[in-house]
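Derivation of every value follows stated rules applied to the coordinates shown; laboratory data play no part. Remember, predicted model here, so these are calculated numbers, not experimental data. Positions of Cβ are generated from backbone atoms using ideal geometry, with glycine treated the same way; all protein chains shown enter the neighbour counts.
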């Protein structure tokens, strides 16, 4: 028997045991690692599926995923098969060992090394190229879906007379196939060449023939396929000229054919196509001739032709035919570009009218009265007063308002519509008393209520006149679900509906709690779901926290833009979602666009550049999605809503004629609802989107002309002026305003902007688009073009004139003394009786007050400027006559005196408050705005006491009882 303690077998057994344990441990760790990686991949897939199912858009997820998987496998297998077959064929065509040269015999050791693993090596190589090709192909899922589901535009391009759908839907897919074919041909050629070299079919240094006949035939066929693909590329390039971008000094960015393209490049591509076909046939002929002489000569001639015909000849045409008479040569092609660009961006129906810019009306009373009718002039700037809303209506530090508020229309008590500035009181996690995981994700989960104010009024303190305020919010909007679980500032996840109660809001009676009753989000009852989210969110506590229990749901992807983009990844989202109260619910309204880069002859624009202005410069969240997308076709085809409580997303077809939207609706059936399903209440709050308007106004700086000669001369080029009230140096933003253009009989909710001549500051045009979807003129663009023979002040000049007047400058200096800061609001432009009325509110942040209050209003008309406390006073000053007031009387007016001692005491207190207010404004170090605000509140309280006391002493017949 062997010695178990010290014999020769004993130590081997003891040494072998740890070795087996190590191997077992390594295998176990490897299995666990694989399982961990697999579960990580599964967690991402599973959470995505759960989210799409929770929003009832699972078809979007399955369609997108199945398309990606299908493209991955089809093109991955094609590439793997092509490379694998060529490697196998090259190996099969190898010469016998006896025929190999000394050079090839030196490779024996490599052949012997890989011989046992040939099959595995072949599988590894083909699998690698297949995976890469499949991954690349899967990213083309949009291209595939548009090609398969494309619908016709029923419009033809002017050069080849093909339907525009060919360029928008078909050509991108053909180009992808061509690129895939080139990649496959090159990889097959490399793989076959290496295999032939390894097994003796090709020789580099050995004397004699460099390739066997079999290798020659094989490689020649592959080269022939490559050249044949090049012939196809030349043919497609002909059509590509219609959507080709180039730099044209006369116009800058240019898309489509020019004279040199139509008369030099187009015939050159046709000739090169024929040469490439012949060259490909010569390569295929080597299967019988077994020589590369003719194919190589043909290939060389093709390269030389490409240089001479495809490069030199067009340059000669451009130099000696086009440049000497450029306008005449290019005019027909510019005319095509004008027409296509105007159609592609929806500006072809723009109405351009001549406008004097200076009024011929001498009746000042008429002008004053017309000023009231011309527009509901908004003196509350939504881009300035957010801190005022914050200070007066935040209520709790864990609430907040967006940097830029929104403008909408809501009815007044008498049924008339008024422009309203509003914002949601959203959750602000930075303001909660103590940040921890429970508070951030379980306790503080939502905002509360809408705050709204009249756009055309401010009270005697310069504060907004709120029509919806307090907490819970109350006012003119009636009863609605006020909790805001989904909003622009809600960027983190929350877990709701479980055992942990949520903080609802706080009032004088204390803190109120709630538990989410909606069906939004994903249920966390399932341990698999919890594990998946714990891994996806990198938060282990989700897996084991006791705060999660029966009924717990996780809410994420909570901003309106995120949700719409996720359920409709084929849409481009507007940068400004806005809230509206619709049928007792707060709905976020999101404008979405269908775009294309394949509209022939239409000039391209970069969305991120054309939608930038002074607001986006300071607020990146307002920037359009897919900022650097280059497009040459855009439509506001979809209006989307996101419920602020449930997160429910609805997509509505808006442009019923858009072929791009019809294509996507075929690809994702049932995701977009018909336009007819939009309720009347929702229709009341839809509007023309800002980003589309910015794109259109940028195009109209050049494309407002319809004559090619004028376009080429550049004499009518405009520019969007910089914002004179903002230091960013960026373009002035468009403004929503209820106003009427000269050809309109009543005010319409509109989006407006101004233009100045290129390189100058005077006004060249005013642009407005009807933004009320209930109107028959919705989307109609009107441009008032000012004469070039006279100059009318533009926004920058008006601002400069304002700052240069000594009386105004002195007042501004007084308002700015001490710690006060003057802020300028939106400079609104309103056409009025042949002239242009400019109105700009002026705000002051004074003393310790961290929010702006309206203190003055600037009005300029016909060269005269007024700077008064109210809009009515400023208009009266400018026109020299009093008009019908546009705002209610100031609450500071005293009621009539009576013998009532309570009234007398109240009036005495009111006078004290007035004196205190005046004293606060005349402090040596500048106005004391804290004291002034207190005095104004004391004044209001005293007047209310006087009014209440007076009403109590009146008899039913209205006479005093004393």
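Numbers below:
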item	result
Rounded FRET efficiency, nearest 0.05, which uses the C-beta distance separating residue 369 from residue 479 and R0 of 41 Å	0.55
Pair residue 804, residue 323: separation of 7 Å Cα→Cβ label points (nm)	4.4 nm
The stretch 268-419: projected area of the alpha-carbon convex hull, averaged over directions, in nm²	24.5 nm²
Segments 580-587, 484-491, 670-677 sorted - mean Cβ within 10 Å per residue, highest first	484-491, 580-587, 670-677
Mean residue ellipticity (222 nm) of the chain, computed from DSSP H runs ≥ 4 via -39,500 (n - 2.57), nearest 500	-13000 deg cm²/dmol
Volume per residue of the C-alpha convex hull in the chain, rounded to whole Å³	264 Å³
Using a Förster distance of 22 Å, the FRET efficiency for residue 709-residue 349 (Cβ separation, nearest 0.05)	0.45
Calculated FRET value between residue 683 and residue 33, using beta carbons and R₀ = 45 Å, to 0.05	0.20
Full-stretch length increase - residue 135, residue 392 - with 0.36 nm per residue and alpha-carbon distance subtracted	87.1 nm
Added length on full extension, which subtracts the Cα-Cα distance from 0.36 nm per residue, residue 125 to residue 69	18.1 nm
Residues 914, 307, 225 arranged by fewest to most Cβ contacts within 10 Å	307, 914, 225
Average Cα contact separation per residue, the chain, under 8 Å, 6 or more apart, as relative contact order %	11 percent
Helix 118-138 axis, angle to the chain major axis (alpha carbon atoms, nearest 10°)	30 degrees
Label-point separation, residue 92 to residue 301 (7 Å along Cα→Cβ), nm	3.4 nm
Fraction of antiparallel bridges per DSSP, the chain only, in percent to nearest 5	95 percent
Which of 45, 320, 755 has the fewest Cβ neighbours within 10 Å, and the rest in rising order	320, 45, 755
Residues 446, 161 arranged by fewest to most Cβ contacts within 10 Å	161, 446
Percent RCO, i.e. relative contact order, over the stretch 252-310, from Cα pairs under 8 Å lying at least 6 residues apart	40 percent
Zone residues, the stretch 269-291, relative to residue 244, backbone N less than 18 Å from point 7 Å out along Cα-to-Cβ	269-276
Cα-based helix-to-principal-axis angle, 364-374 vs the chain, degrees rounded to 10	50 degrees
Global geometry of the stretch 212-344, whether rounded, prolate or oblate, following the gyration tensor of its Cα atoms and the 1.5 cut on a/c	prolate
Full-extension gain in nm, residue 155 to residue 23, via 0.36 nm per residue minus C-alpha separation	40.5 nm
